[in-house]
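Colleague: Before I ask anything, here is the structure I am working with.
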Amino acid sequence: MAAAAALAPALRRSLGRPRGGFGGAPRPWPAVGGAPRPRSTGAGPDGINKAVVDRIIRVDHAGEYGANRIYAGQMAVLGRSAVGPVIQQMWNQEKDHLKKFNELMIAYRVRPTVLLPFWNVAGFVLGAGSALLGKKGAMACTVAVEESISDHYNSQIRTLMEEDPEKYKELLQMIKQFRDDEREHHDIGLEHDAEGAPAYSVLKTVIQLGCKAAIFLSERI
Ligand SMILES: [Fe+2]
Ligand SMILES: [Fe+2]
């Protein structure tokens, strides 16, 4: 309880300066996956399925935003512990993922989910809360979240492959790269004794239900 109270200032500080918000120079296409293409007026590059791409970018942006907040929460608790550098390394990759989706939102003129302020707080609380269970708790959270995100990326890869692999080549390449990064984070969690966390399977199930709900909502609103 005292530890939770001590975290309140860290949460307030981090809320004041959202990480990887909506800044950055607009780019017609992401830096990942090749040369920029020209942008058509209004709805992004010609010939794309705008509804599908909007949904993918909105939910992925929300997911990467939430992942950043989770790692911020974990670092607020465990940043100075032995596992701090491991968490920081994963967080750095999430910052890069979020930056890419920020760029895509501008390129495709996609609005973020209205739930972003909620994910801001919920992500931090989940990260800090799991870290308060100790290193294993934080890693259990990482395993649960990263497994959900990499499964989610896999389903998007299938969707885009069915739509048109050539047309979505660059987006596919980026999502595959991020999927690989999330899998690596998942494996790092397991290597750091995630399964030794208290009530590991309950914790994992609850967190993954939360992830499913977050994905469902962020695709729609
Ligand atoms: Fe990520
Ligand atoms: Fe990740």
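Every number in this text was worked out from the coordinates using simple rules, so none of it is lab data. Only a predicted model underlies this, so the values are computations on that prediction, with no experimental measurement involved. When we count neighbours, we look across all protein chains shown, and the Cβ atoms used for this are built from the backbone with ideal geometry, even at glycine.
Colleague: Residues in segment 165-175 that are more than 14 Å from the chain's Cα centre (by Cα) and in a helix (DSSP H, G or I): how many? Can you show your working first?
Modeller: Residues of segment 165-175 that are more than 14 Å from the chain's Cα centre (by Cα), as a first pass: 165-173.
Retained after the next criterion (residues that are in a helix (DSSP H, G or I)): 169-173.
Summing the residues that are more than 14 Å from the chain's Cα centre (by Cα) and in a helix (DSSP H, G or I) in segment 165-175 gives 5.
Colleague: Separate question: Is it the case, given these coordinates, that I87 is within 16 Å of ligand 2 (Cβ to nearest atom) and of a type in the set (V, I, T)? Don't jump to the end; show me each part of the working.
Modeller: On the way: within 16 Å of ligand 2 (Cβ to nearest atom): yes; of a type in the set (V, I, T): yes.
Judged against the criteria, I87 is a match.
Colleague: Considering D180, D164, which residue is within 12 Å of ligand 2 (Cβ to nearest atom) and exposed (fewer than 14 other Cβ atoms within 10 Å of the Cβ)?
Modeller: D180
Colleague: Across segment 176-210, what is the number of residues that are assigned to a helix (DSSP H, G or I) and either farther than 17 Å from V145 by Cβ or out of contact with any helix residue (DSSP H, G or I) (no Cβ under 7 Å at 6 or more places or on another chain) (or both)?
Modeller: 14
Colleague: So if I check each of A122, A107, A199, A131, which one is surrounded by 22 or more Cβ atoms within 10 Å (Cβ to Cβ) and out of contact with any strand residue (DSSP E or B) (no Cβ under 8 Å at 6 or more places or on another chain)?
Modeller: That would be A131, the only listed residue that is surrounded by 22 or more Cβ atoms within 10 Å (Cβ to Cβ) and out of contact with any strand residue (DSSP E or B) (no Cβ under 8 Å at 6 or more places or on another chain).
Colleague: In this structure, is L126 more than 16 Å from ligand 1 (Cβ to nearest atom) and either within 25 Å of I221 (Cα to Cα) or in contact with a helix residue (DSSP H, G or I) (Cβ under 6 Å, 6 or more places away or on another chain) (or both)?
Modeller: no
Colleague: Here's another thing I want to ask about it. Among all residue pairs at least 6 apart or on different chains, which show Cβ distances below 8 Å where the first residue, located in segment 151-177, is touching a residue at least 40 places away in the same chain (Cβ under 8 Å) and the second is assigned to a helix (DSSP H, G or I) and of a type in the set (S, T, N, Q)?
Modeller: I175/Q156
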